[in-house]
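The values are calculated or read from the model by the stated rules, or taken from the named source; none is laboratory data. The structure displayed is predicted, hence computed values, not measured ones. Virtual Cβ from ideal backbone geometry, glycine too; neighbours counted across all protein chains shown.
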Amino acid sequence: MKNCRPRLHLKGGWLLAILATVIATPAIAQTANFGTFKLSLGFPPSQGTLSGYTGGSFSLSAMSNRDRDRKPCIGFADPKPDHIMILEKDFPRLKLLINSGGNDTTLLIQGPDNTTIRCGDDTGKNKDASIDDRNWPEGTYRIWVGTFNSGVKRNYTLTVQQP
């Protein structure tokens, strides 16, 4: 009687392809550290106010050196986005502000097409980051709040405004 155990035959690089897919899964496929929120036109201010904390040694410039307006993308954050913002309609203009008590924070926002990047650093003389931009199509945005230095933990409030 022959051996009745089933045999596993892996042809070519099948296993290697699966491993490469799992390892290369981008940060965009993950959930957010501090949750998901949805905004509709005319949203109340409380709906656009969230909190979290920075931390991590993932360089945001690894995602993009510069944003769509050629602003530098800098800072360090967790590889997972901190927040996921879902815009239920197109917004002509949005302003996102970080308040960490004036600490040196940064922002990176990845748009629904996964290629449009918006980055923010200091707001005037304040070291907290902000982004004030036009033309926000409806869809899912991934938001990373970083710090200028790697591994620094700062509590913050993120405020999204419709000016």
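Remarks
- Pairs with Cβ under 7 Å, 6+ apart, first in the range 137-163 and under 21 Å from SER64 (Cα atoms), second exposed (fewer than 14 other Cβ atoms within 10 Å of the Cβ) and modelled with pLDDT of 95 or more: PRO137/ASP90; SER150/SER57; GLY151/SER57
- Here LEU87 clears all of (1) more than 16 Å from THR49 (Cα to Cα); (2) out of contact with any helix residue (DSSP H, G or I) (no Cβ under 6 Å at 6 or more places or on another chain); (3) without any contact (Cβ under 8 Å) to a residue 60 or more places away in the chain; (4) among the aliphatic types (A, V, I, L, M) except the condition numbered (1).
- Residue pairs whose Cβ atoms lie under 8 Å apart, separated by 6 or more positions or on different chains, with the first residue in the range 56-69 and touching a residue at least 12 places away in the same chain (Cβ under 8 Å) and more than 12 Å from ILE109 (Cα to Cα) and the second exposed (fewer than 14 other Cβ atoms within 10 Å of the Cβ) and aromatic (Phe, Trp, Tyr), do not occur.
- Count - residues of the range 78-98 that are over 16 Å from GLY35 (Cβ atoms), buried (at least 19 other Cβ atoms within 10 Å of the Cβ) and not aromatic (Phe, Trp, Tyr): 3
- Residue match in the range 30-43 (condition: of a type in the set (Ser, Thr, Tyr), touching a residue at least 40 places away in the same chain (Cβ under 8 Å) and either exposed (fewer than 12 other Cβ atoms within 10 Å of the Cβ) or not in a loop (DSSP other than H, G, I, E, B) (or both)): yes
- For the range 140-156, a tally of residues being within 19 Å of LEU50 (Cα to Cα) and exposed (fewer than 15 other Cβ atoms within 10 Å of the Cβ) returns 2.
- Matching residues in the range 100-122 - criterion: being surrounded by fewer than 19 Cβ atoms within 10 Å (Cβ to Cβ) and not in a loop (DSSP other than H, G, I, E, B): ASP122
Conditions tested, residue by residue: (1) among the aliphatic types (A, V, I, L, M); (2) touching a helix residue (DSSP H, G or I) at 6+ places or on another chain (Cβ under 8 Å); (3) at pLDDT below 95.
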{"position": "ALA62", "(1), (2), (3)": "yes, no, no"}
{"position": "CYS73", "(1), (2), (3)": "no, yes, no"}
{"position": "PRO79", "(1), (2), (3)": "no, yes, no"}
{"position": "LEU96", "(1), (2), (3)": "yes, no, no"}
{"position": "GLY124", "(1), (2), (3)": "no, no, yes"}
{"position": "GLU138", "(1), (2), (3)": "no, no, no"}
{"position": "ARG154", "(1), (2), (3)": "no, no, no"}
{"position": "THR159", "(1), (2), (3)": "no, yes, no"}
{"position": "PRO163", "(1), (2), (3)": "no, no, yes"}
